[in-house]
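Below is one structure, written out as structure tokens; the observations come after it.
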Amino acid sequence: MIRTRKSRAVAALVAGALVIAACGGDDDSGDDAETEEPADDGGDDGGDEPADDGGDEPADDGGDEPADDGGDDGDDGGDDGEGDDSGDGDTGGDDTDDGEGDMADDMMAPVRGGVLTYLLEAESDTWDIPGANCAVACITVMRQVMDPLTIINDQNEVEPFLLESFEVNDDFTEYTLTMREGITFHDGTPADGAALQRNLVEMASGLLQGQVLMDLVNGVDSIELVDDMSVKLTFGRPYATFLYAIAERTGWLFAPSYWDNPERAGALAVGTGPFMMTEWVRGERTSLEANPNYWRTGADGEPLPYLDGIEFRPVPDDSARLATMQGGDADGTHDDTGENLEYWRTEWEGNLLEPAPDKEAGYLMFNAGKPPFDNPDMRRALALCTDRTEYQAFRAPENTIINGPFAEGALGYIDDPGFPQFDPDAGNALLDEIGRPDEIIYGTTNTPATQLTAELFVDMWGTNCGLNVTTDVFDQSELITKALTGDFQVFAWRNHGQNNPGLEYVWWHSRHTEGLALNFGRIIDEEIDSLMDQIQATTDQAEIDALAQQINQRFASEVYNLWLVSAEWEIPYASNVHGVGVVTLPSGGVAEPTIAGRTWLHEAWKES
């Protein structure tokens, strides 16, 4: 959809009229705190991804990343999760655009050639996914190099992608996956059943991806080669979200030659995607070249990709990414920084990808596994001492205050799940009762945006409730490691929003609290465990919604996270770039264009 400044203004007027008619309104819009990264102040990943701003997550879309405050304090958080966006849209058109841009764009014939330059919010540590902290930036690169086994369409339904088909038994414990014929890896070897089996075994053996596949009934022996093109997996308990899990990280198919490389931790990824990874200069660029033997065609029936290549450049500084785009020195980027969102939505003269309906949550993540936040009253007291409206005003003016992990309209959403609201008198009374800790350590990455957010909370908690708060400042690349190892008390994060509550299993179930734990907050709660197990045993949407609402209420009563604002992402790209977010599926449909700051460039092209 084309989103112009005029159309956004009209939408705002309509929304305003509805609010007036209802004599009420919601909390405003602000943005977040990769996942996948830490919530950025005013911006960002909590999710994606350690190296990625916003730590990433092994699991799938639904990753977890640190949140960016104000939308940007974090990066990524998790896989994969996370859930979230859509469309190829011109959003910066001129103020007189009457909405015909969509039709014009559809009628334009793709032009071949050219290299697209795309700015990333963070660098990645490795492409070795089984043990990687792959967040938003990492996922953005890998989506162009690696094809997933399955894919999520624009109706939030799972379809075969690299797979020709999949079969599932009635209790979601057995899956038979069959590869498409004729697909080859970048090194020319066949993407067949043997390669699929090897890939799943490697994923299941990884420190992080192994947690996604930990319920195989007999370990990797439960990944059986059925014939030349098919593999069967058998799980010891229901795993209804497995096909969604292999639509991102867990399902990226690597060539056997990559697994055989003894130096693979620092090696270039080898997959089946439309682009081949040809160079990686850490901290400077990751270069991709068109795969001349790619198996898919575009909507026009012509071979993909259209571009000659893509150059990804990590630019952690939010203001620098903005300035580079303004100067015309890059073709596209992703951004959830509160300070930048208003510019993209009101002044940017290029295009914006239509965002997904589901959104990640930006929040302060407590470590419930050690003092002082192993005490639920301490978590509750800090929530009572936190003026989230002030946070929103100063760090996330484009975002909406939230009270739980699920966005409005998503499964599990409740307008008021019972999360504690700002009440410093009650907070002080509770602290007087339980005692104030000698020190609260707020962890933050060393970017200007995240440190501004840290300063805000240090002052707020000291002023409102007499708490002694210090900061632990570290490089963005250390964020996910700290989350995985539990080396923190509290910091901003961004995660969830995956359009499927079952994908939150690795983030919330107590089975994932040991060692390098994907349950970063060390949440051990029998009620949540039981509800998550029930979600994994059904695909009934109404049942999942009811179970997820109970999880929402449990998070509120126990204050496992201090919810801040929705994570708002924009994917701006130049006016001469088209096809961003477009993936024409073998079924004839289209993929979900974007989710939690990551998108597709498979069918992108540039005007001459």
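Take each peptide in 249-262, 321-334, count the other Cβ atoms within 10 Å of every residue, and average; sorted highest first, the result is 249-262, 321-334.
Protein heavy-atom surface of the stretch 361-566, 1.4 angstrom probe: 46% of the accessible area is carbon and sulfur, with nucleic acids and ligands not counted.
Heavy atoms of the protein chains alone define the surface here; on that basis the stretch 287-339 has 38 Å² accessible area per residue at 1.4 Å probe size. In the context of the full set of protein chains, residues of the stretch 133-198 present 33 Å² of accessible surface per residue (probe radius 1.4 Å, heavy atoms only).
Across the stretch 445-457, coupling constants 3J(HN,Hα) worked out from phi with the 6.51/-1.76/1.60 Karplus curve, θ = phi - 60°, read 6, 8, 7, x, 5, 5, 6, 5, 5, 4, 4, 4, 6 Hz, and Gly and Pro carry x.
The antiparallel fraction among DSSP beta bridges confined to the stretch 361-566 stands at about 60%.
The simple spin-label model puts a point 7 Å past each Cα toward its Cβ; for Asn375 and Val226 those points are separated by 5.5 nm.
Taking the protein heavy atoms of the stretch 115-232 in the context of the full set of protein chains, the accessible area attributed to carbon and sulfur is 45 percent at 1.4 Å.
Tyr413 exposes around 70 Å² of accessible area when a 1.4 Å probe is run over every protein chain in place.
Convex hull of alpha carbon positions in the stretch 224-376: directionally averaged projected area 16.2 nm².
Peptide packing: for 595-607, 469-481, 416-428, the average count of neighbouring Cβ atoms within 10 Å per residue gives the ranking 595-607, 469-481, 416-428, highest mean first.
Annotation: per residue accessible area for the stretch 361-566 equals 35 Å², rounded to a whole number [probe 1.4 Å, protein chains only].
Residue separation of Ala429 and Leu207 scaled by 0.36 nm, minus their Cα-Cα distance, works out to 75.6 nm of gained length. Approximating the spin labels as points 7 Å out from Cα along Cα→Cβ, the Thr485-to-Asn261 distance works out to 2.7 nm.
A protection proxy built from the mean count of other Cβ atoms within 10 Å ranks the segments 439-452, 307-320, most packed first, as 439-452, 307-320. What FRET efficiency do you get for Asp317 and Ile524 if R0 is 41 Å and r is their Cβ-Cβ distance, rounded to the nearest 0.05? Plugging the Cβ-Cβ distance into 1/(1 + (r/R0)^6) gives 0.65.
If you plug the beta carbon distance of Ser608 and Asp540 into 1/(1 + (r/R0)^6) with R0 = 60 Å, you get a FRET efficiency near 0.75.
The values are calculated or read from the model by the stated rules, or taken from the named source; none is laboratory data. Every value quoted in this text rests on a predicted model; they were computed, and no experiment measured them. Counting neighbours? That spans all protein chains shown, and the Cβs are built from the backbone with ideal geometry, glycine included. Side chains are part of the model used for accessible areas, which takes the heavy atoms of the whole protein and leaves out ligands, DNA and RNA. Shrake-Rupley method; radii C 1.70, N 1.55, O 1.52, S 1.80 Å.
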